[in-house]
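First, the structure itself, so that you have it in front of you.
The values are calculated or read from the model by the stated rules, or taken from the named source; none is laboratory data. As the structure is a prediction and not an experimental result, all values here were calculated from the model. Quick reminder, even Gly has a Cβ in these numbers, built from the backbone with ideal geometry, and neighbours come from all protein chains shown. The area values use the complete protein model at the heavy-atom level, side chains included, leaving out ligands, DNA and RNA. Shrake-Rupley method; radii C 1.70, N 1.55, O 1.52, S 1.80 Å.
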Amino acid sequence: MSSIKAPRGTADILPADSWKWQSVESIARQVARLYHFQEIRTPIFEYTELFHRGVGETTDIVSKETFTFTDRGGDSITLRPEGTAGVVRAVIENNLIAQEGSRAKVFYIGPNFRYERPQKGRLRQHWQFGVEAFGIAQPEQDVECILLQLDFYRRCGLKDFVLHINSLGDAESKTRYRDALVRFLTPQKSSLSEDSQRRLTENPLRILDSKDPRDVEACKGAPPAVDSLSDRSRAHFQRVQELLQGAAAFEANANLVRGFDYYTETLWEVTAPGLGAQNAIGGGGRYDNLVETLGGRPTPGVGFGAGIERLLIALDAQQAQLPDPRGPLIWLIAHGPAARQACWDLLRELRSAGIAADIDLSDRSIKAQFKQADRESAKLCLILGDDELKNGQVTVKNLGTGEQSSIPRVELIERMRSMIPDF
RNA sequence: GUGGUCGUAGCUCAGUUGGCAGAGCACAAGGUUGUGGUCCUUGGGGUCGCGGGUUCGAGCCCCGUCGACCACCCCA
């Protein structure tokens, strides 16, 4: 009988690593709280149409990377490939931004699904921490999101990363830029890569992002997006950069474009070394027309998504130390049947008192029990045998220092309570 | 979807022109009948990814397939 494996492009998060996830998620929640973003949880699947209208029919993500199926009732369902569309749908549907002047600042942590060929830093299911801020068109809102994201990375211990920013401007600016780019690139169409020749009509902005040397060469001297910005968009982007001055290092990158159609004005991406070719650990931007596109009252919005797997890879590459959310563990060691019963009682008492404790239940040698305590990274061992039972004592061994002492059984819980915070 | 590299013990990997399935680490027991993290001894562990073919004989050669890794595309 062959064993069943996890589907391609998925990964189990095992005990050896799950504490890192808890740590990152806890930091994400903490940072969100500091910036006053509240959690929203939306379904991991939506009606397919949401992503077609929201993310864009012609984007690669929607046109060829979705997990889409027909449910038993005949509706087309898609596993979400990104977080923003579902959140926008939810805030519209639940009237969070129903009125003139409504604001909402929300964050989410959850999985996204894209049917792609896996490689380093790229899976078919990946997790993102993301935030969305609705109702504020001012550049301060863009910068608040950016600073939140960078704060998140710093608190996770990430040191080496780069913030890239660009602006495509409002819808008119975007069209103007697109036309300018097509005008610039069309004369040299034959020297572009095959992919980019196709993009020239479908999605010319993406050509700027190509890694093909022919495209990189062709894009030299291309008009930057900022040249096509309207006065309002130019001022907005200018103000974003002013607000970032002194708050965060950034690089204005005229070639930065992103894969969703809904972006307007500011967009940004954070890259980090150690990730191979997929070096973006998170990105975001403003989407002032998306709420209206999805049937809501016209409301500006801005937000980002930060990939958790990629962050963990980058942290690993930089040998960053995440705070370990696991508290200290006490290990009980029993010698003899009477002591085993006493340990069982003690174990229940410790846990009732809120102290994490465990014991080997397989009746093994003292040596084996110590060995396991060590392997489980216990801080203290409590040893109970015939001697201790007779004297009403418990032997306490500090596994870090090897020191050992006796504590009266009746005082044990209180003594543990006072010792635990030191670990 | 395209291309390259690779699948042998729980992990990292050796395995010669095709000829008995190996090492280190890890794990278990013992050395020490009450003491881990060092040391010594012993031991248990294998559908050589899966399926087919060639051969007296396949981990090794051939075909197919699945998966992993890396890159393209795209993105977190």
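Take A:K120 and A:T401, extend 7 Å from each Cα along the Cα→Cβ direction, and tell me the distance between the two endpoints in nm.
4.4 nm
Once R0 is set to 45 Å, what does the formula 1/(1 + (r/R0)^6) return for the Cβ-Cβ distance between A:A277 and A:K390, expressed as a FRET efficiency to the nearest 0.05?
0.10
Calculate, in nm to one decimal, what A:V216 and A:E39 gain on full extension: separation in residues at 0.36 nm each, minus their alpha carbon distance.
Full extension from A:V216 to A:E39 adds 59.6 nm.
Let me cross-check A:E82: its accessible surface, 1.4 Å probe, with only protein heavy atoms counted, in Å² to the nearest 10?
Spelled out: A:E82, probe radius 1.4 Å, area about 10 Å².
Another question about this same structure. Efficiency by 1/(1 + (r/R0)^6): what FRET value for A:E140 and A:S377, r their Cβ-Cβ distance, R0 = 41 Å, to the nearest 0.05?
In this case the efficiency is close to 0.35.
Next up: Per residue, how large is the accessible surface of segment A:95-147? Use a 1.4 angstrom probe and give square angstrom.
Using a 1.4 Å probe on heavy atoms only, each residue of segment A:95-147 averages 43 Å².
Here is a further query. Along Cα→Cβ, 7 Å out, is where each label goes; now give me the distance between the ones at A:V162 and A:D179 in nm to one decimal.
My value for the distance between the label points is 3.4 nm.
Can I ask one more? Report the extension gain between A:E93 and A:R297 in nm, rounded to one decimal, defined as 0.36 nm multiplied by the number of residues separating them, less their alpha carbon distance.
72.3 nm
Over segment A:330-422, with every protein chain in place, what whole percent of the accessible area is carbon and sulfur at 1.4 Å, could you tell me?
47 percent
If each residue of separation counts as 0.36 nm, what is the full-extension length gain between A:E411 and A:Q238 once their alpha-carbon separation is subtracted?
That pair, A:E411 and A:Q238, stretches by 55.7 nm at full extension.
For chain A, rounded, prolate or oblate, judged on the Cα gyration tensor with a ≥ b ≥ c (square roots of eigenvalues), a/c < 1.5 rounded, else prolate if a/b > b/c?
prolate
Counting only heavy atoms of the protein chains, get the accessible area per residue of segment A:330-423 (1.4 Å probe) and round it to a whole Å² value.
Roughly 58 Å² per residue, with all protein chains present.
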